[in-house]
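The values are calculated or read from the model by the stated rules, or taken from the named source; none is laboratory data. Predicted model only: the values in this text are computed from it and were never measured. No Cβ is skipped: glycine too gets one built from the backbone with ideal geometry, and neighbour counts run over all protein chains shown.
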Amino acid sequence: MPTDANSMALAAQARRSYVEGLINGLPSVVEAANQGARILVSQVAEPAVMARRRDLVQDLPNATPTWLRAATDLLRQALHSGMVSAVRPGDLPSPSSRGAGLTLVDNDTIETEILSSRLALSMMDRASWEFTDLRSRMTVLEGREELDPNDVLRPHVFARVLTSAWRTAGLSHDAWKTLQPVLHDEISLFTEEAYHETNRWLIQRRVAPEIDLRPFIRRSRNAAWSASAPQASGAGGFVHSGSAAASGSSGPPGEVHDETRLMTRTDTLVRGADHADAVLGRLNRLIGRQLPQFANTMQSRPAWASLSAAIADAQTGIAKRLVPPPAGRAAGAADAVLSTPALLEELHQRKQALKQAAETPVERATIEIVALLFQSLLTEERIPAAVRVWFARLQMPVLRVAIGEPDFFATTDHPARRLIDRMGACVMGFDVAAHAGELLEKEIKRVVQVVEAYPDTGRRVFQTVLTEFEKFLENYFRNENEASRKGVSLAQQVEQRETLAIQYTIELRKMLNEVPVQEGVREFLFQVWADVLAMTAVKAGRNSEETRTMKKAAADLIWSASAKVSREERADVIRRLPPLLKLLRDGMQNAGLPAAKQDEHVQRLNNSLAAAFTAKAAAIPTDRLEELMARLETLEELLPDAQDVEIDESLVLDLSGHESSELEVVGEGGSMPTPAMLSWARELHVGSWYMLDYRGRNEAGQLAWQGLRRQVTLFVSPQGRGILFQQHRLAAFLQAGLLVPAQDESLTVRATRSALAKLDVDPSRLLN
């Protein structure tokens, strides 16, 4: 680490390097903008739109040189002053100063600010990890906790420079909006590159080469969980919604408006995927610069015989050396066998032997990269030591796959990567001994041993054991894990109840489609009694006496609410009504409806029944009533298949009625999710950890169970309390940043990024 005297000079030089990187990238934006405008002109559109596009094509060549000069000048001024002047168009006061007083801001300034905010969000979507790394290194150099809100390194400063210069050049807001996709893509691309190159420059000068981002994690306002929350040990640590790491803001979470939180988290899944692809892309570009022939060997290829033999020998030796201690052995005795230095030393020696057996530079480079990946995995403190041993034993099988299937370095979808990520996600962040137990460790051991036993099957064995591991997790949380078993059982009952309630509602609607019954009674049957029938069927069984009694009550209610034309019929209703209403109350109480709700429903029924006495409509014929009774008796045989039922919150009257001390149903919060978010909600994995912000609490939860078609999802807290989501609500929470993954990046992506940082410092190690 440099001395204090040199630290500030290094920081200043890093800022200059970053700004010059931005300036050098600006001509590409001009070129992309002109090209984008020409493409738009060639596309069919309404006459008015075409006219604006033609004007834009004509105006841009004359205006963009001015824009380029203005942006360059503003950037250099920002570098020297540390901030962008607020008197220029498009520059509002910094967020930290906005509450100091109220000023009248013109519409043009507001519109420019909106455009710059959108641009800053786009930049952060692509470059958040690189910016976070750079921010960490700069604060280390300058001995401060956070960057200045108007530091030139912050994305919103650059965004304001560009939008302000755009207006200075005489270009309109509409012109920017027309070209916004092109501008955002090009600007975000070279901004990420500028951050990366500045990070690389600092790493070469030994400035925080292995950064620790724990100081940037926003701790929960609820101290109850802070002791058990996962600790971040790099950019892969979780970031609370609305945190500085996520948005670039320096203010506390409470200062971030819900709309802003929504905007910054809308494309979390896209941002994560783009980041992973970007990391792999940079790795392959670096390899390509050192080994141009590597790109020509991206097709599947076998290893040379000498290397294959060396890998087999290394795998055997590692399996003998890296054996966890027997269960019940003292911790102190285990440390000697399972310590990280011992693991790393063993694997380092094996690496050197493998490189000597390699026949080509590509093979030696592959050996080095895989070794760096596993070095990062084995220094991940959030993985328990006993599990870390089994990860270490995967190095040789992964190396064999990486040599034979080079797409391992090109895609995150390779089954070997996915297996490591899935196992890591289940054990990282929390006390595995307390919350996972021995069964999870035994399954990881079994998975690794299967992979070791089939050395020549490549990705097929990884795909097979990945599928088996997924099935294990489903059974584990449902039947074996003490913290989740009861919650899963309750969640299954809720799903069954909801599915049955919808099934009953559908069939009751069909049955009463053409039957003359008071509307209030219809609503009661569809919205309340269907749920009562479902609850009774779940608790007592579909064919139980209790369920038959509830179905008979429905038939009696239908008869009572039909028109009565004779005095005898009316007298019969009056005689049968009190026990019927008592039965209806009992059913509602058993279904968990509060007394006030019961009173409300009974009052509405009384009004409907009273109206039936004076109704002039035709009475329900006796044979029709008998038919209805018969259908109610065999209702279960008529129900649609559960797989075809969509659990929609709009069909469920009161989800909170399912709640208990052990199960919390999330029935509010978030906003209408996008189709992309709904897709993401269906792709979450059992076993992964998340952070949930709900009802004033910020707590950890592990995804323990997903129901039919993944319409219902259960998370379980470390204390064993269940938190249940319907699919749309889950997607809404993901979209709003109220539910965030405990890891911002997967284990293998983080390991790749760590390897990339080391190769940036010394690329020659690929060749040695």
From the option list 587, 657, single residue qualifying as crowded, with 17+ Cβ neighbours inside 10 Å, under 24 Å from residue 531 (Cβ atoms) and at pLDDT 70 or above is 587
When you scan the range 671-768 for strands (runs of 3 or more DSSP E) that lie fully inside it, which ones turn up with 2 or more residues that are at negative phi, touching a strand residue (DSSP E or B) at 6+ places or on another chain (Cβ under 8 Å) and β-branched (Val, Ile, Thr)? 712-716
When restricted to 473, 490, 466, 439, the only residue hydrophobic (A, V, I, L, M, F, W, C) and over 30 Å from residue 315 (Cβ atoms) is 490
I'm checking my understanding of the structure. Among residues of the range 319-338 that are assigned to a helix (DSSP H, G or I), within 17 Å of residue 394 (Cα to Cα) and within 36 Å of the chain's Cα centre (by Cα), which one is modelled with the lowest pLDDT? 338
Filter pass, residue 96 being in a helix (DSSP H, G or I), at pLDDT below 80 and either surrounded by fewer than 17 Cβ atoms within 10 Å (Cβ to Cβ) or touching a strand residue (DSSP E or B) at 6+ places or on another chain (Cβ under 8 Å) (or both): yes
Residues of the range 680-716 being small (Gly, Ala, Ser) and touching a residue at least 60 places away in the same chain (Cβ under 8 Å), which ones? 687, 688, 696, 700, 704, 707
Please work out if residue 189 is touching a Leu at 6+ places or on another chain (Cβ under 7 Å), touching a residue at least 60 places away in the same chain (Cβ under 8 Å) and either assigned by TED's automatic domain parsing to the domain that holds residue 15 or in a helix (DSSP H, G or I) (or both). no
Tabulated pairs, the range 66-84, first modelled with pLDDT under 95 and among the β-branched types (Val, Ile, Thr), second loosely packed, with under 15 Cβ neighbours inside 10 Å and not in a helix (DSSP H, G or I), C-beta under 9 angstrom, 6+ apart or interchain: 66/170
So, of the residues in the range 40-54 that are within 21 Å of residue 171 (Cα to Cα) and hydrophobic (A, V, I, L, M, F, W, C), which turns out to be surrounded by the most Cβ atoms within 10 Å (Cβ to Cβ)? 40
Would you call residue 341 in the same structural domain as residue 397 (by TED's automatic domain parsing), at pLDDT below 85 and loosely packed, with under 13 Cβ neighbours inside 10 Å? yes
Given the condition modelled with pLDDT of 70 or more, farther than 19 Å from residue 766 by Cβ, touching a helix residue (DSSP H, G or I) at 6+ places or on another chain (Cβ under 8 Å) and assigned by TED's automatic domain parsing to the domain that holds residue 397, answer yes or no: does some residue in the range 345-352 qualify? yes
